[in-house]
Structure formats: C-alpha cells, structure tokens
C-alpha cells in the first residue's frame, strides 16, 4: 500500500521532538503513542482504531514508515501504567515520568495556541493510548 493512501501520523510538532519519536519508531523502541482526546475533538478527527494503518511523517512531512495500530483505548491519564510508559520509547522511567512529560507537552504553547486555551491536565484527563507495530520502514 502506498503511503499516500494512509492517514498521516505526525508526532508532536516538526523538529527535535518529532525527529526523536520517528527515530524511536524506526529503531523499534517506540511501540506506543498517546494523544490528547481534546485535540482529536478540536480537530473534528475520528479516533484511530485497532487494525488501522498510518503513514509516519518526519519533520519535512515525508513518509518514513507504516505502522499498524494493535490496540486503541481512551483512558484517563491515571490509567497509564509503567509498561505503557516504557513502550512510548522516549526513555520514560515509569508512568509518573510519562505523566510529567505529557502534562508539559499538552500544556505547551503550541498545543495551547491550537486549542485556543491551555488545557487543564490532571489524572482524569482523557488520552487516546495507542499501541502499534512497525509494518514497513521506508528506506
């Protein structure tokens, strides 16, 4: 399947954060990702589903890999456990470290500007927790 036929996956914002996430996917260290449910709702996007394939884009918006979602759950941040945090492949030591990093990102200037306000982030904040497998790294 051509990458152009798949929905795009853009991690974070273009730049170092996206580049490190893409590298972690390509190396096999990253097998999970998390999105803020409020971002999907604001964009009017449908939630991803298990079995869906996505084209991973790099910071230049070039397709670099295809992933397949194997599990998608909408859960409060408090339900993210250590195993999921480690599967994010970004060096989180545990779920508490994951929560701190995601709170910082979800309240960042870029996210706040996109939403039009700074979201309140706490243990009850709903996130879209996705686990995936790498299907096709694009050379």
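So here's what we get for this one:
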| read-out | value |
| --- | --- |
| Residue check, residue 86 out of contact with any helix residue (DSSP H, G or I) (no Cβ under 8 Å at 6 or more places or on another chain) and either within 20 Å of residue 119 (Cβ to Cβ) or crowded, with 17+ Cβ neighbours inside 10 Å (or both) | yes |
| Scope the range 2-39; condition touching a residue at least 60 places away in the same chain (Cβ under 8 Å) and farther than 24 Å from residue 86 by Cβ; matching residues | 3, 6, 38 |
| Positions within the range 107-139 being more than 19 Å from residue 22 (Cα to Cα), in contact with a strand residue (DSSP E or B) (Cβ under 6 Å, 6 or more places away or on another chain) and buried (at least 19 other Cβ atoms within 10 Å of the Cβ), in sequence order | 127 |
| So residue 58, is it in contact (Cβ under 8 Å) with a residue 40 or more places away in the chain, in contact with a strand residue (DSSP E or B) (Cβ under 7 Å, 6 or more places away or on another chain) and within 21 Å of residue 138 (Cβ to Cβ) | yes |
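Just so you know, all these numbers are worked out from the coordinates, no wet-lab data involved. If you're wondering where the values come from, they're calculated on a predicted model, not measured in any experiment. Here Cβ is always computed from backbone atoms with ideal geometry, including for glycine, and neighbour counts include all displayed protein chains.
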